[in-house]
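The structure appears below as structure tokens.
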Amino acid sequence: MNDTPGWASPGSAPSDGQDDAGVPRPSSPGDANDSAPQWSKDQPPAGRWQPPTAPVQGASSPPPARARSGPGWGAPPPHGQWGPPPAAKPGVIPLRPLTLGEILDGAVTTLRRYWQTVLTVSVTVAVVMQVAEILAQRYLVPAPEPVHPDASPAEALAQSLDAAQAQLIGMGPAYLIMVAATLVSAALLTVVISRAVLGRPVTIGAAWQEARPRLLQLLGLTLLVPLLSAVVVFVGLLPGLLLGGRAGAGLAFIGGTCAFVVVIWLTIRFSLASPALMLERQGIKKALQRSAKLVQGSWWRILGISILTQLLVFLVAMIVAVPFLLIAGVASGHGVGGLLDGSVADNSWSFLVITGIGGVITSAITYPVSAGVAVLLYIDQRIRREALDLELARAAGLPGYGG
């Protein structure tokens, strides 16, 4: 057995005589102890297809008869078409390398097929987050002061920065609650989706029991990647800030651009660390190493799928949230024009409650899809690199893959 961990979520473990993916090793035709009859020009093995031989001149034997059931010799394949048989599909995805459409379809199918468990998790987490945000906006965040019309651009910028700082400080407790709620949601949905791949439903109690021991490590991983990104940005901007002047501004721009590229590279490189930590039950360092290993050679593909997924999630969020935002503007008494000119008080109860309802609905739909894409990307990379499909088929109890 090598250093590649197995699929830990279903509870399977590799045994002696199995390969790295946990399945029996099929014997190859070139093995030294292979006693099966080999192909011969004069005498093929019994039961193998034998090509027709050219008729001897002067012989009166008739040519071989063509099969009535189809072209060529023999009966058509049992699945009705020539070529490899279709991949097994015990759950929401076929057990083979996945396309983008199959990854998105698997995430949506999980939401639709196991909606009771998935929506219970996502709606509960979304309600907790929205309540925390509403209370913070109402009682902790000060109302922004209008900018004086005669203020200079520097004064307006300074006032905007002060308002943003006050809002960030006021929303601090709500942000902590949001991180904790998002963490629990990601852990539970990862367990649910991993079982959905095998076609097995899971209750919230069972998902919580399996995810609870990994929550602290998942919290550390969730905080580590943004902290690492912040350090990279700080290092990129520091030389320009120390130099100052126009030359410093140019150097800060170049350094910030390079830091942004590095942050994107690190984000995609470690994007599969959370599923690896949850499903392989590894530590933080091992999960980061597993993500880097799985992403290697597929960085651009994972970047494209991640960007497209975020665009789709943003589009769905806008479709759901904009009507609630318009209703909140009308309910506040300022109408749609108040939203455009900024005269709507965004800390009024009517505005906060109505937009909060829209936020709950949006999060309940988008959280499972985002989590599903992340987990299925991880599974797809392991199928491509480590033949995880064979181990999943064995864990699902499909015939012909071992016990």
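The values are calculated or read from the model by the stated rules, or taken from the named source; none is laboratory data. Quick caveat, the model's predicted, so the values are computed rather than measured. A quick note on method: Cβ atoms are made from the backbone with ideal geometry, for glycine too, and the neighbour counts reach across all protein chains shown.
Overview of results
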item: Hits in region 98-143 - residues which are β-branched (Val, Ile, Thr) and under 15 Å from GLY356 (Cβ atoms); result: VAL123, THR124, VAL125, VAL127, VAL128, VAL131, ILE134, VAL141
item: ARG246 being charged (D, E, K, R), surrounded by fewer than 14 Cβ atoms within 10 Å (Cβ to Cβ) and modelled with pLDDT under 90; result: yes
item: Scan of region 272-319 for residues that are buried (at least 17 other Cβ atoms within 10 Å of the Cβ), within 22 Å of ALA126 (Cβ to Cβ) and of a type in the set (Val, Ile, Thr), ordered by number; result: THR309, VAL313
item: Residue in region 207-217 that is crowded, with 19+ Cβ neighbours inside 10 Å and under 18 Å from LEU376 (Cα atoms) present; result: yes
item: Verdict on THR257 being among the hydroxyl-bearing types (Ser, Thr, Tyr) and exposed (fewer than 13 other Cβ atoms within 10 Å of the Cβ); result: yes
